[in-house]
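Reviewing the structure listed below.
The values are calculated or read from the model by the stated rules, or taken from the named source; none is laboratory data. Fair warning: this is a prediction, and the values are worked out from it, not measured in the lab. All Cβ positions, glycine included, derive from the backbone under ideal geometry; neighbour counts span all protein chains shown.
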Amino acid sequence: MSVHDLTGRTALVTGGARGLGLAMAESLARAGATVVIGDVAEDKGRTAAKQLADTGAQTRFVHLDVTDESHWESAVDEIVRDTGRLDILVNNAGVEVTALLVDIAVAELRTMLDINIVGTMLGLKHGLRAMRPGGAAGNGGSIVNIASVAATIAFPGIAGYSGTKSAVDRITRVAAMESGKLGYGVRVNCVYPGLVATAMGQKLAVEEAALGLFPSPEDAVAAVVDQTPLGRLGEPDDIADVVAFLASDAARFMTGAGLSVDGGMGM
Ligand SMILES: NC(=O)c1ccc[n+]([C@@H]2O[C@H](COP(=O)([O-])OP(=O)(O)OC[C@H]3O[C@@H](n4cnc5c(N)ncnc54)[C@H](O)[C@@H]3O)[C@@H](O)[C@H]2O)c1
């Protein structure tokens, strides 16, 4: 059950094979949407889609590397052909590289820029094209980009990552402006999740300690919790339920917004 009703809508969640993306796929499915998980992790993604289908949800998996434009073209074609629609896109796929600025490795940095920024922009390009009037789906819709609390604070060791998420924040506003002004009927918003103990969140804590920024991973987590007025880390559903809200008609007059879902850490 969900407080939102997305019955009859089709959603694509990038990076939906695990972590926050999987929780978003589950939350959208609970609200009645047909959910497509797009990911480079083929086995994990197929298993996640199957497990979701076993709960009664309409789901499928598409192989999607968000940095590859030809993947976007074929994924959108396939989704519209199979489900007749594309109403919701969550640009969630992302990676995080932890490094001090003095040590940052250019190849890793470029890969992260490609996935987090170019991947989000390609999602916007092909999502807006499909959803706008005359597009393959053509019914308008809602796009939610996943930024991070890292776009709103200065946390050591994640300069590159923070930069990519600040870019997602700004790109969201321009996309909302273009979509609104050009009558696409697509709302574009973003969320800034706080730290969640997914694979990415746990890796960050370990690497912060390895860089000597905190005595141990546990101390890194404790520092985050200490900076968080609600006094805990995020849970995947904390983020996923806000994504479902932004995807739903309850957010019908919201576009170009960024919602902090971080227990107050970034205020
Ligand atoms: N976990 C956190 O604390 C946290 C906090 C703020 C923001 N975020 C953001 O939330 C999003 C999800 O994070 P997570 O913690 O679930 O991460 P995760 O590493 O657990 O999962 C990321 C998913 O993205 C997929 N992916 C990676 N590269 C891809 C590509 N090129 N194309 C398609 N899929 C790809 C991975 O296979 C994986 O399934 C990311 O954008 C991340 O930056 C996470």
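Let's see how each residue does on (1) within 16 Å of the ligand (Cβ to nearest atom); (2) in contact with a helix residue (DSSP H, G or I) (Cβ under 6 Å, 6 or more places away or on another chain):
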{"residue": "151", "(1), (2)": "yes, yes"}
{"residue": "180", "(1), (2)": "no, no"}
{"residue": "187", "(1), (2)": "no, no"}
{"residue": "195", "(1), (2)": "yes, yes"}
{"residue": "202", "(1), (2)": "yes, no"}
{"residue": "207", "(1), (2)": "yes, no"}
{"residue": "212", "(1), (2)": "no, no"}
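Restricted to the stretch 1-34, and to residues there that are in a loop (DSSP other than H, G, I, E, B) and within 16 Å of the ligand (Cβ to nearest atom), the residue that is surrounded by the most Cβ atoms within 10 Å (Cβ to Cβ) is 16.
Quick check: is even one residue across the stretch 242-249 within 11 Å of the ligand (Cβ to nearest atom), within 18 Å of the chain's Cα centre (by Cα) and modelled with pLDDT of 95 or more? There is at least one residue in the stretch 242-249 that is within 11 Å of the ligand (Cβ to nearest atom), within 18 Å of the chain's Cα centre (by Cα) and modelled with pLDDT of 95 or more. Of the candidates 97, 40, the single residue that is in the same structural domain as residue 179 (by TED's automatic domain parsing), in contact with an Asp or Glu (Cβ under 6 Å, 6 or more places away or on another chain) and surrounded by fewer than 19 Cβ atoms within 10 Å (Cβ to Cβ) is 40.
Within the stretch 235-267, being surrounded by fewer than 17 Cβ atoms within 10 Å (Cβ to Cβ) and either in contact with a strand residue (DSSP E or B) (Cβ under 6 Å, 6 or more places away or on another chain) or of a type outside the set (Lys, Arg) (or both) holds for 235, 237, 249, 250, 253, 254, 256, 257, 264, 267. Counting only residues that are among the polar types (S, T, N, Q), within 15 Å of the chain's Cα centre (by Cα) and assigned to a helix (DSSP H, G or I), the stretch 163-201 holds 3 of them. Here residue 232 meets the list (1) within 23 Å of the chain's Cα centre (by Cα); (2) crowded, with 16+ Cβ neighbours inside 10 Å; (3) more than 12 Å from the ligand (Cβ to nearest atom) almost entirely, failing just condition (2).
Quick one: would you say residue 82 is crowded, with 20+ Cβ neighbours inside 10 Å, over 27 Å from residue 199 (Cβ atoms) and touching a residue at least 12 places away in the same chain (Cβ under 8 Å)? Against the criterion (crowded, with 20+ Cβ neighbours inside 10 Å, over 27 Å from residue 199 (Cβ atoms) and touching a residue at least 12 places away in the same chain (Cβ under 8 Å)), residue 82 does not qualify.
Selection within the stretch 184-222: residues that are among the β-branched types (Val, Ile, Thr) and buried (at least 18 other Cβ atoms within 10 Å of the Cβ). The member of this set that is nearest to residue 254 (Cα to Cα) is 188. If you check 96, 73 for being in contact (Cβ under 8 Å) with a residue 12 or more places away in the chain, outside any loop (DSSP other than H, G, I, E, B) and not aliphatic (A, V, I, L, M), only one passes: 73. The set of residues in the stretch 130-148 being touching a residue at least 24 places away in the same chain (Cβ under 8 Å) and either out of contact with any Lys or Arg (no Cβ under 8 Å at 6 or more places or on another chain) or aromatic (Phe, Trp, Tyr) (or both) consists of 130, 131, 132, 133, 144, 145, 146. Any chance you could count how many residues in the stretch 57-79 are surrounded by fewer than 18 Cβ atoms within 10 Å (Cβ to Cβ) and within 19 Å of residue 23 (Cα to Cα)? Result for the stretch 57-79: 2.
For the stretch 42-61, the count of residues that are under 20 Å from residue 118 (Cβ atoms) and within 16 Å of the chain's Cα centre (by Cα) is zero. Is it the case that the stretch 47-56 has a residue that's more than 15 Å from the ligand (Cβ to nearest atom) and either surrounded by 19 or more Cβ atoms within 10 Å (Cβ to Cβ) or not in a helix (DSSP H, G or I) (or both)? The answer is yes, given that some residue of the stretch 47-56 is more than 15 Å from the ligand (Cβ to nearest atom) and either surrounded by 19 or more Cβ atoms within 10 Å (Cβ to Cβ) or not in a helix (DSSP H, G or I) (or both).
Taking residue 253, is it over 18 Å from residue 20 (Cβ atoms), within 16 Å of the ligand (Cβ to nearest atom) and not in a helix (DSSP H, G or I)? When the stated conditions are applied, residue 253 does not pass them.
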